[in-house]
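The values are calculated or read from the model by the stated rules, or taken from the named source; none is laboratory data. Small disclaimer: the values here were computed from a predicted structure and weren't measured. With ideal geometry, Cβ positions are generated from the backbone for all residues, glycine too; neighbour counts draw on all protein chains shown.
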Amino acid sequence: MYYVGIGSSLPYPSWVNSRNNSSKLHDYCRYETEFFMKWSLLGKWNAISFGLALLLIGIDSIISYQNAIKLIKNANKVKQTHEVIKNLTDIYATLTDSESNLLGYTLLKDESELKRYNIAIQSIAPKIKMLRQLNAANKSQQQRLATLESLISQRQILFKESMDLYQLGKSAISDQAPLIAHSKRSRDEIRMVITQMQREEEKLLDRWIRKSEYNIRYRILIEFLSIFLSFTILFGVYALLYRQMVKRQKAENIQLHLAQEKELSDLKLRLFSMVSHEFRTPLSIILGSAQLLAEHSEQWTESKRLKNLQRIQSSAKLMTKLLTDILTIERAEAGKLECNPELIDLEAFCLNLVEDIHLGSEKRHEIKFISYGGCTHGELDEKLLYSILSNLLSNAIKYSPQGGNINFILSCEAQSVSFQIKDEGIGIPQEFLQELYEPFHRGYNVRDIVGIGLGLAVVKKCLDIHRGEISVESQEGIGTTFTVKIPLHSK
């Protein structure tokens, strides 16, 4: 029983043998196929959606970059326009100041005024040059600038002629009148040209500002639409993924439910097959022995009749133990297995158990009982303890060669009691140790040894109810040692 594995010689029942399970399996397979086809299609849609989202983000980035470039260009043009207007204003102010300086020199004969006039006239040339550079791409402004430069040159000539006349002593109004009239016309023309240029620059300034505002609004709109569309796409993908995740969970739940039904069906069929197989032998022995006793008891000796009676009794005990184990598992699974501790004599209990095992076993093994720690009494559930130790000792006998030694050791500590059963049997394969306490599993090395794999499952269920622990050490072909430790509450 405790040599767990899947190497049973019994036929393994097919889950789909029943019509109901076959129909469920067919429906599930069809649903699973449809689900994975939808999932594959959804994967393509997800890829396309993420691609669209990335494309929108890329387009938005390109548009934002272009708008940024345009804004920078517009800002530079606005700055350039301001520079043109500033230079035009400076030129007109310089001309006005130079005229004032010349008038001051004429009236006051102050040489410093003449010097300031010359400095002001010289400062106009760099401003004209700067204006020419700033308006290099504007032909109309270039033409006006050429006109302005010509008018300024003419005005400077008029100023020079006026100075020459003054130096010759011809300062009378009659002498200066033609020059003054000409100078006034020149000043009006200069003012008109500068005004035209300033208006042109103001128009350009207004255009650049409107363009900048349009680019900013356009950029905000594009970014908003891009973010909205990207969010919509991603939200749609998330909704689809969530929906498919829910469907996936439902499919997994269906799969789990069907797997549980399959496992339950397997367990039932295996249980029925194993129980019928295990009951067949003792029932055959009981029926055969009873028939022989009924037909030939008068002809047999007393010893022969007793031998057949013992065979009947042994087979009946085997069937009773099998039924007890099945009922114990069923009650434990249903949560109806209870622990009712009572004060028992531990050494006497173990000795009686060894005697019962000897009487019920056909094999002849020496069970050596050893007690350590001065164990006397303890509060334990006698029925559960009997199920635990009887199954372990029965297994030690069943899987040990004829005449093998079995050690049964009892040791007590302050808060617990330990039972150790050590045999020299066939051992447990290492790969089956993890499934040691699962019902209906036996190792591949059990060969033709009778058993259905319930003993250790019963031991584990009883120990769990008793809050006990079990450990195992085994080597194939050498033997196995089980150690059971149960909390002890002595009075």
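Restricting to segment 403-424, what's the tally of residues that are of a type in the set (Gly, Ala, Ser) and not in a loop (DSSP other than H, G, I, E, B)?
Final tally of qualifying residues: 3.
Residues checked against (1) assigned to a loop (DSSP other than H, G, I, E, B); (2) under 21 Å from LEU323 (Cα atoms):
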residue	(1), (2)
ILE426	yes, no
LEU433	no, no
TYR437	yes, yes
LEU456	no, yes
LEU463	no, yes
GLY477	yes, no
THR480	no, no
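Looking across segment 312-323, the residues that are closer than 15 Å to ALA457 by Cα and either surrounded by fewer than 17 Cβ atoms within 10 Å (Cβ to Cβ) or of a type in the set (D, E, K, R) (or both) come down to LYS321, LEU323. Of all the listed residues (GLU83, GLU113), the sole one being surrounded by 15 or more Cβ atoms within 10 Å (Cβ to Cβ), of a type in the set (Asp, Glu) and touching a residue at least 24 places away in the same chain (Cβ under 8 Å) is GLU83.
Residues of segment 355-384 that are more than 57 Å from the chain's Cα centre (by Cα) and either in a helix (DSSP H, G or I) or without any contact (Cβ under 8 Å) to a residue 24 or more places away in the chain (or both): GLU355, ASP356, HIS358, LEU359, GLY360.
Here is a list of conditions, (1) modelled with pLDDT under 80; (2) surrounded by 15 or more Cβ atoms within 10 Å (Cβ to Cβ); (3) not hydroxyl-bearing (Ser, Thr, Tyr), and LEU107 meets all of them except one; can you say which number that is? It is condition (2) that LEU107 fails.
Would you check if LEU55 is over 24 Å from LEU151 (Cβ atoms) and assigned by TED's automatic domain parsing to the domain that holds GLN156? Spelling it out, LEU55 is indeed over 24 Å from LEU151 (Cβ atoms) and assigned by TED's automatic domain parsing to the domain that holds GLN156.
Here THR232 meets the list (1) of a type in the set (Val, Ile, Thr); (2) closer than 30 Å to ILE57 by Cβ; (3) at pLDDT below 80 almost entirely, failing just condition (3). Out of curiosity, is SER400 surrounded by 14 or more Cβ atoms within 10 Å (Cβ to Cβ), of a type in the set (Ser, Thr, Tyr) and in a helix (DSSP H, G or I)? Spelling it out, it is not the case that SER400 is surrounded by 14 or more Cβ atoms within 10 Å (Cβ to Cβ), of a type in the set (Ser, Thr, Tyr) and in a helix (DSSP H, G or I). Criterion first (under 23 Å from the mean Cα position of the chain (by Cα), small (Gly, Ala, Ser), under 25 Å from ALA53 (Cβ atoms) and not assigned by TED's automatic domain parsing to the domain that holds ASN138) does ALA239 satisfy it? So ALA239 fits the description; yes. Taking residues in segment 427-439 that are closer than 24 Å to GLY404 by Cα, and partners anywhere that are polar (S, T, N, Q) and in a helix (DSSP H, G or I), the pairs with Cβ atoms closer than 9 Å and at least 6 places apart or on different chains are GLY427/ASN445; ILE428/ASN445; PRO429/ASN445.
Restricting attention to segment 457-466, does a residue exist that is touching a Pro at 6+ places or on another chain (Cβ under 6 Å) and surrounded by 18 or more Cβ atoms within 10 Å (Cβ to Cβ)? The answer is yes, given that some residue of segment 457-466 is touching a Pro at 6+ places or on another chain (Cβ under 6 Å) and surrounded by 18 or more Cβ atoms within 10 Å (Cβ to Cβ). The residues of segment 326-338 that are closer than 15 Å to LYS383 by Cβ and surrounded by 15 or more Cβ atoms within 10 Å (Cβ to Cβ), listed by number, are THR328, ILE329, ALA332, LEU337. How many residues are over 16 Å from PHE482 (Cα atoms) and buried (at least 18 other Cβ atoms within 10 Å of the Cβ) when one looks only at segment 427-444? The qualifying residues number 5. Scanning segment 419-426 turns up at least one residue that is buried (at least 21 other Cβ atoms within 10 Å of the Cβ), acidic (Asp, Glu) and under 27 Å from LEU318 (Cβ atoms).
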